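What follows is a set of notes on a single structure, which appears directly below.
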């Protein structure tokens, strides 16, 4: 086993950077979705949702940077082209969404997909004794679970 300067198994960190790049691509698509629904939302809930989507895309933008910097910290290279993002991402792409329920469902569906990826990374980072990635994933998961709960409550749906 080869150990890097962080004290982590080199092979395991290389595997983690692949998964983190997948998360990065998915967050970039999620970010663009949020921008789109922020711009295009219409109806009686416009003011509330317009502001909420801005809050969410600002948060997603911060997370994109955190993920990319974690990839760099582990010795990888973050994906950085739209072609790579679209090729790798599995979150749904929202196009021309202007109705409130459709927009909220897109957020829930996207976060559900992100949570799956993050839980996988959490398991891998735990196995690699990578506390930095583990901590970041734990924080993301906790925050996103709460957002899913709130969005599902808005939709009058159970978790």
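Residue-wise test of (1) more than 19 Å from residue 154 (Cα to Cα); (2) surrounded by fewer than 20 Cβ atoms within 10 Å (Cβ to Cβ).
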{"site": "8", "(1), (2)": "yes, no"}
{"site": "11", "(1), (2)": "yes, yes"}
{"site": "24", "(1), (2)": "yes, no"}
{"site": "59", "(1), (2)": "yes, yes"}
{"site": "75", "(1), (2)": "yes, yes"}
{"site": "78", "(1), (2)": "yes, yes"}
{"site": "101", "(1), (2)": "no, yes"}
Yes or no: the range 73-80 includes at least one residue that is without any contact (Cβ under 8 Å) to a residue 60 or more places away in the chain and either under 19 Å from residue 148 (Cβ atoms) or part of a helix (DSSP H, G or I) (or both).
no
Of those in the range 146-157 that are free of Cβ contacts under 8 Å to residues at least 60 places away in the same chain and touching a helix residue (DSSP H, G or I) at 6+ places or on another chain (Cβ under 7 Å), the residue surrounded by the fewest Cβ atoms within 10 Å (Cβ to Cβ) is 155
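Since every read-out is calculated from the coordinates, none of them should be taken as a lab result. Quick caveat, the model's predicted, so the values are computed rather than measured. For neighbour counting, all protein chains shown are included, and Cβ atoms are generated from backbone atoms with ideal geometry for every residue, glycine included.
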